[in-house]
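Structure first, commentary second.
The values are calculated or read from the model by the stated rules, or taken from the named source; none is laboratory data. If you're wondering where the values come from, they're calculated on a predicted model, not measured in any experiment. Neighbour counts run over all protein chains shown; Cβ positions are idealised from the backbone, glycine included. Accessible surface areas use protein heavy atoms only, side chains included; no ligands, DNA or RNA. Shrake-Rupley method; radii C 1.70, N 1.55, O 1.52, S 1.80 Å.
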Amino acid sequence: MPSKLVIIPTYNEKENIENIIRAVFGLKTDFDVLIVDDNSPDGTYLKVQQLQNDFPNRLFLEIRQKKSGLGRAYVHGFKWALAHNYDFIFEM
């Protein structure tokens with residue numbers, strides 16, 4: 001079965017991130033999720049780390065040191081996905 005990854009860049013999304021992640025995992029098609037967080041001051045990445053307990057081996061987190069833009073976050077995510085041999089990569 002082909003592997004599928006949804007890349008979700010975040011910056012200060014603590015209030016929304018759980019709903020977004022649960023919505024993706026609630027779809028009929030199985031996706032993995034990679035959160036690329038730009039070291040959100042609101043602690044978005046901390047919420048993602050908690051949710052990794054609910055979705056082991058399906059929810060991944062990359063924390064970048066500083067905010068450097070949406071395009072670079074996607075490039076980071078695509079490189080990560082290719083390094084992990086995903087067949088399909090989706091942006092969100």
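With viscosity set to 1.567 mPa s at 4 °C, what whole-number translational diffusion coefficient in µm²/s follows for the chain from Stokes-Einstein and a Kirkwood radius over Cα pairs?
Details: Rh = 13.1 Å.
Taking Rh from Cα pairs, D becomes 99 µm²/s.
So if we plug the beta-carbon distance of Asn19 and Tyr74 into 1/(1 + (r/R0)^6) with R0 = 22 Å, what FRET efficiency do we get, rounded to 0.05?
Working: r = 21 Å, r/R0 = 0.96.
Between Asn19 and Tyr74 the formula returns 0.55.
Sort Asp32, Asp37, Asp42, Asp54 from largest to smallest accessible area, using a 1.4 Å probe on the heavy atoms of the protein chains. Don't skip to the end; give the middle numbers.
Values: Asp32 30, Asp37 0, Asp42 50, Asp54 85 Å².
From most accessible down to least: Asp54, Asp42, Asp32, Asp37.
Please report the spacing between the Cα centers of segment 44-92 and segment 1-30 in Å, no decimals.
So the two Cα centres are separated by 10 Å.
How much mean residue ellipticity at 222 nm does the chain get from its helices, if each DSSP H run of length 4 or more adds -39500 (n - 2.57) and you divide by all residues, to the nearest 500 deg cm²/dmol? Mind showing how you got there, number by number?
Values: 3 runs with 31 residues, N = 92.
Taken over the chain, the calculation gives -10000 deg cm²/dmol.
Are there chymotrypsin sites (Phe, Trp or Tyr not before Pro) in segment 22-54 that DSSP puts in a loop and that have at most 13 other Cβ atoms within 10 Å, and which ones?
On the way: sites: Phe25, Phe31, Tyr45; in loops: Phe31.
In loop regions of segment 22-54 (DSSP not H, G, I, E or B), there are no sparsely surrounded chymotrypsin sites (Phe, Trp or Tyr not before Pro).
Can you work out the FRET efficiency for the pair Met1 and Gln49, with r the C-beta to C-beta distance and R0 = 25 Å, to the nearest 0.05? Spell out each step's value before the answer.
Numbers: r = 28 Å, r/R0 = 1.10.
Step by step, r from the Cβ atoms, then E = 0.35.
How far apart, in nm, are the 7 Å Cα→Cβ label points at Asn12 and Thr29?
3.3
With a 1.4 Å probe and every protein chain left in place, work out the accessible area per residue of the chain in Å², rounded to a whole number. Mind dumping the intermediate values first?
Numbers: 5570 Å² over 92 residues.
On a per-residue basis, the chain sits at 61 Å².
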